[in-house]
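To keep things clear, I will list the structure first and then write my remarks on it.
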């Protein structure tokens, strides 16, 4: 069984989901707790630390971003839509959270999240930093 934890901002984002979107997220959490990285679709490409993070398409444009500080612990970092609205795009929030921006001309690939059943290594220090940034992001969005 995988321990699943949400960042404060992911918790706020998930609380805003309704109907089928919420059901898709709840099913994902259950699958994540039972299957770990196999429940996710692909790793994010771009500069560090992006390749240490995984994404799952939930429903429509909804996505979830997850990091694994240990193989048996998953942190849900962000939940939201991948759309063209700069203020609401999940990937814009992810780049803000990670403190990086991929190059515009960089080719995006979608390598699998797991390698032989093992998630990409997002060491505890990286996850702690991302969680701290998520707390700050959540506080700034509540204002």
Which order do peptides 55-62, 70-77 fall in by mean Cβ count within 10 Å, highest first? 70-77, 55-62
List the relative contact order of segment 3-142 as a percent without decimals, with contacts defined as Cα pairs under 8 Å and 6+ residues apart. 30
The chain: most fluctuating residue of 66, 79, 44 per GNM, C-alpha cutoff 10 Å: 44
Listed residues 19, 117, 36; largest mean-square fluctuation, Gaussian network over the chain with Cα springs below 10 Å, found at 19
Using the basic label-point model (7 angstrom from Cα toward the beta carbon), what is the residue 45 to residue 57 distance in nanometres? 1.6
Counting residues in the chain as N, plug N into 2.2 N^0.38 Å and put the Cα Rg over that result. 0.96
Ranked by Cβ crowding within 10 angstrom, fewest neighbours first, how are 100, 65, 131, 4 ordered? 100, 4, 131, 65
Can you work out the FRET efficiency for the pair residue 34 and residue 128, with r the C-beta to C-beta distance and R0 = 25 Å, to the nearest 0.05? 0.45
With a ≥ b ≥ c taken as the square roots of the eigenvalues of the C-alpha gyration tensor of segment 20-77, please select rounded if a/c is under 1.5 and otherwise prolate if a/b is larger than b/c or oblate if it is not? oblate
Please compute the length gained on full extension between residue 96 and residue 116, using 0.36 nm multiplied by the number of residues separating them and subtracting their Cα-Cα distance. 4.2 nm
Per the rule of 0.36 nm per residue minus the C-alpha distance, extending residue 135 to residue 16 adds in nm 41.1 nm
Output the antiparallel fraction of DSSP beta bridges having both residues in the chain, as a percent to the nearest 5. 80
Which percent of Cα pairs goes in each bin when the distances of segment 94-134 are cut into 10 angstrom slices starting at zero? 22, 40, 37, 1
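Quick note: the coordinates plus some simple rules give every number you see, no bench work behind them. The model shown is predicted, which means the values in this text are computed figures rather than measured ones. Using ideal geometry, Cβ is built from the backbone for each residue, glycine included, and neighbour counts are taken over all protein chains shown.
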